[in-house]
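Novice: Quick one: this structure, given as structure tokens, is what I'll be asking you about.
The values are calculated or read from the model by the stated rules, or taken from the named source; none is laboratory data. Just so you know, these numbers come straight off a predicted model, no measurement behind them. In this analysis, Cβ positions are derived from the backbone assuming ideal geometry, glycine residues included, and neighbour counts consider all displayed protein chains. Heavy atoms of the whole protein, side chains included, go into the accessibility calculation; ligands, DNA and RNA do not. Shrake-Rupley method; radii C 1.70, N 1.55, O 1.52, S 1.80 Å.
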Amino acid sequence: MIARVAQMYHVEGQRQAEIARHLRISQATVSRMLKRAYEEEIVRTTIISPLGTYTELEEGLRSRFGLSEAIVVECTEDRDAAIMSRIGEAAAHFLEATLQAGEVIGVSSWSETILRMVENIHPMKSGRAKHVVQTLGGIGDPSVQTHANQLTTRLAKLTGAEPHLLSAPAVAQSREAKLILLGDTYVRETMDLFSKINLAIVGIGAVEPSGMLARSGNTFSSRELVDVVEAGGIGDMSLRFFDQGGAPVRTPLDERVIGITLEELSKVDRVIALAGGYAKTDAIRGALRTGVIDLLITDKFTAERLVSPDAQREAAE
């Protein structure tokens, strides 16, 4: 009887009420029988993942790094340009599907991967987000600053939100210069919104700056970066450095950065990191160990390196 009820429900597509009428039993009995069908393994669930999805790698990332979610995208070549494009596309689809009304989005605007995400987002049919906040100073070389500011303003327009630009360089010339810049009303207004961000989208960088960031002029000197490495630095999020164990690397450079801190990021409800590529693998591993990131979107090549036991041992050494 249980098997017949299960067949009518799962194979023939009949509703519980229809089954109850047909067999002259109560709907509650039908419900109990369907539950028993699972308990006695008369009915078993099999999920067949489509080609181009990597459920085992995603589960490996979730369990190894304590992530709430991980998305691994198909990529035909382990090359930065291709990887950034595919991660950007996946992030755009994810954001469109999960964005909640009234959210305050924080975005690091010196990331080429996040720029690819914004390029792939479709306009929301109605206003959904409340604010889009630039979380790292957006002033730099004019040829690149245009991209950084457009990233923020376009994301705001696509999500129906109000943009808030951080009108200061990401790296001040000195601690004193930073204090002067922080005195600007508009800079303070934007930074005051950091505590209200409930969705942050960040990139992950190696100690060596990415092309977009380097071209903007918002970088430290080679000598200063050597000091970061000697202090154990392996990567950064919004120019906040961390070591391979995920611990913050404190240097005087922190006092010159105008942007969100790792401590502030850790208080955000959802932090989505977009990153991939061979050169960033160690940095991504360190970033995942900070405990700041809730969801990682990466490519299959990077995911394989991150979950590989051999790669884990090499990183520990």
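Novice: Of the residues in the range 253-270, how many are in a strand (DSSP E or B) and either more than 22 Å from residue 232 (Cβ to Cβ) or in contact with a Cys (Cβ under 9 Å, 6 or more places away or on another chain) (or both)?
Specialist: The number of residues fulfilling the criteria is 1.
Novice: Out of all the residues in the range 51-105, which are of a type in the set (Gly, Ala, Ser), farther than 22 Å from residue 118 by Cβ and in a helix (DSSP H, G or I)?
Specialist: Answer for the range 51-105, where residues must be of a type in the set (Gly, Ala, Ser), farther than 22 Å from residue 118 by Cβ and in a helix (DSSP H, G or I): 60, 63.
Novice: A follow-up question, please. Would you say residue 146 is farther than 23 Å from residue 255 by Cβ, open to solvent by 20 Å² or more (accessible area, probe 1.4 Å) and of a type in the set (Ser, Thr, Tyr)?
Specialist: Yes: the conditions hold for residue 146.
Novice: Oh, and also: What residue, of 139, 105, 83, is in contact with a helix residue (DSSP H, G or I) (Cβ under 9 Å, 6 or more places away or on another chain) and either more than 30 Å from residue 194 (Cβ to Cβ) or open to solvent by 60 Å² or more (accessible area, probe 1.4 Å) (or both)?
Specialist: Matching residue, one of 139, 105, 83: 139.
Novice: For the range 4-39, how many residues meet the condition of being exposed (fewer than 13 other Cβ atoms within 10 Å of the Cβ) and among the hydrophobic types (A, V, I, L, M, F, W, C)?
Specialist: 3
To keep it simple, each residue is scored yes or no on (1) aliphatic (A, V, I, L, M); (2) more than 28 Å from residue 243 (Cβ to Cβ).
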site	(1), (2)
163	no, yes
167	no, yes
175	no, no
178	no, no
182	yes, no
192	no, yes
197	yes, no
201	yes, no
206	yes, no
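Novice: Condition test on residue 49, is it polar (S, T, N, Q) and without any contact (Cβ under 8 Å) to a residue 40 or more places away in the chain?
Specialist: For residue 49, the condition - polar (S, T, N, Q) and without any contact (Cβ under 8 Å) to a residue 40 or more places away in the chain - is met.
Novice: Considering (1) open to solvent by less than 70 Å² (accessible area, probe 1.4 Å); (2) of a type outside the set (S, T, N, Q); (3) under 18 Å from the mean Cα position of the chain (by Cα), say which one residue 119 fails and leave the rest.
Specialist: Status for residue 119: all satisfied but (1).
Novice: Filter the range 169-214 for residues that are in a loop (DSSP other than H, G, I, E, B), over 22 Å from residue 267 (Cβ atoms), within 25 Å of the chain's Cα centre (by Cα) and not polar (S, T, N, Q) and give the result.
Specialist: Listed by number, the residues that qualify are 207, 208, 209.
Novice: Has the range 51-59 got any residue that is among the hydrophobic types (A, V, I, L, M, F, W, C) and closer than 30 Å to residue 293 by Cα?
Specialist: Within the range 51-59, one or more residues are among the hydrophobic types (A, V, I, L, M, F, W, C) and closer than 30 Å to residue 293 by Cα.
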